[in-house]
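Worksheet: one structure, shown below.
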Amino acid sequence: MDRVEDDETVPIAELLDERRRLLDLAYWMLGRSQDADDVVAEAYRRWYGLSDDRRIRMAEPWSWLVTIVGGICLERLASTGRSHPGSVDAAPAQGLDEAVSRTLLDALDTLSPAERAAFVLNDVFGMAPGTVAAIVGQTEQECDELAARARHSLGTRWAHPTTPQQHDRVVRAVRQACVTENPARLTSLLAPDATVFFDGGGKVRTLTRPVHGARRVTRNLLTLLAGRPSTTLHCQSVNGRTGIVVRYGDEVAAVISLDVAGDHVVQIWAVLNPDKLRHWNRAATQER
């Protein structure tokens, strides 16, 4: 391929289309247009941080930018401990009715960062398997499995919609089963393919991989919450819906979010990372 001269420009339509596609990708990954703007701005900042010669010689700038945008989004999702970046806002979505896109974005918040990335890149944007794998940082087969798991989770959620009242009832039943250390009851409240994610952030010793299957989830959750004189479980609002706040003495030691479909829990997120619990502990201190 001939070297591109450094004074060769690009059609404005191509420039604008590239930026719109990057913004759409970041929006679907994060759920907020302001966050998407920030990510794309950072991607272009990194682009112009490259040497002139490297930029000129790059055969596919689009692929490089997509990989950078995807990577930044994954970093942001991972830093929150789950996919939830906050309530979604009204940014345009390609090829989908706005109401449908908002519903899908809200549903994507129930996925792990890797599942969300694999699903968005593969199913929403139809990117090549190699590109998806490069962005997610896993093999093509692993990304296929992540996307398949995401489809299953989303399908279950839509097939069995849950009202806030149902969600609250199920979560309170889960708390009670944990408090009484009743494995049979807890297992009955979980979907057969339920998954639990533990986020210790490298600051506490906990599992680094998700646990799948109702019985395994039950065993691990009850082990985590094993009865101790100073361990207490409280139902409180977490991400806008009822969750479980675990205290060890006066300290918030874990915040647990549960995704419910119908009458069963399909996914559980247990945040134990002290850095992510600081605002919970500040709030607890202020209450006292």
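The values are calculated or read from the model by the stated rules, or taken from the named source; none is laboratory data. Predicted model only: the values in this text are computed from it and were never measured. Here the Cβ is made from the backbone with ideal geometry for all residues, glycine too, and neighbour counts use every protein chain on show.
Within segment 222-267, restricting attention to residues that are basic (Lys, Arg) and in a strand (DSSP E or B), the residue that is farthest from Ala191 (Cα to Cα) is Arg247. Only residues that are over 14 Å from Leu65 (Cα atoms) and either surrounded by fewer than 18 Cβ atoms within 10 Å (Cβ to Cβ) or in contact (Cβ under 8 Å) with a residue 24 or more places away in the chain (or both) were counted in segment 122-138, giving 11. As a summary of the residue check, Glu115 satisfies the conditions (1) modelled with pLDDT of 90 or more; (2) closer than 21 Å to Arg32 by Cβ except for the one numbered (1). Within segment 9-36, residues that are without any contact (Cβ under 8 Å) to a residue 24 or more places away in the chain and assigned by TED's automatic domain parsing to the domain that holds Asp123 reach no partner that is surrounded by 13 or more Cβ atoms within 10 Å (Cβ to Cβ) and polar (S, T, N, Q) with beta carbons closer than 7 Å at six or more positions or on different chains.
Of Leu233, Leu258, Leu222, which residue is under 23 Å from Pro183 (Cβ atoms) and touching a Pro at 6+ places or on another chain (Cβ under 7 Å)?
Values: Leu233 fails: touching a Pro at 6+ places or on another chain (Cβ under 7 Å); Leu258 fails: touching a Pro at 6+ places or on another chain (Cβ under 7 Å).
Leu222 is the lone residue from the list that is under 23 Å from Pro183 (Cβ atoms) and touching a Pro at 6+ places or on another chain (Cβ under 7 Å).
In the set His212, His152, only one residue is surrounded by fewer than 19 Cβ atoms within 10 Å (Cβ to Cβ) and not assigned by TED's automatic domain parsing to the domain that holds Ala270; that residue is His152. Would you call His152 under 30 Å from Asp123 (Cβ atoms) and in contact with a Ser or Thr (Cβ under 8 Å, 6 or more places away or on another chain)? No; evaluated as a whole, the condition is false for this residue.
Are there helices (runs of 4 or more DSSP H) fully within segment 139-195 with at least 3 residues that are over 22 Å from the mean Cα position of the chain (by Cα) and free of Cβ contacts under 8 Å to residues at least 24 places away in the same chain? List them.
On the way: elements: 140-159, 164-179, 183-188.
Qualifying helices (runs of 4 or more DSSP H): 164-179, 183-188.
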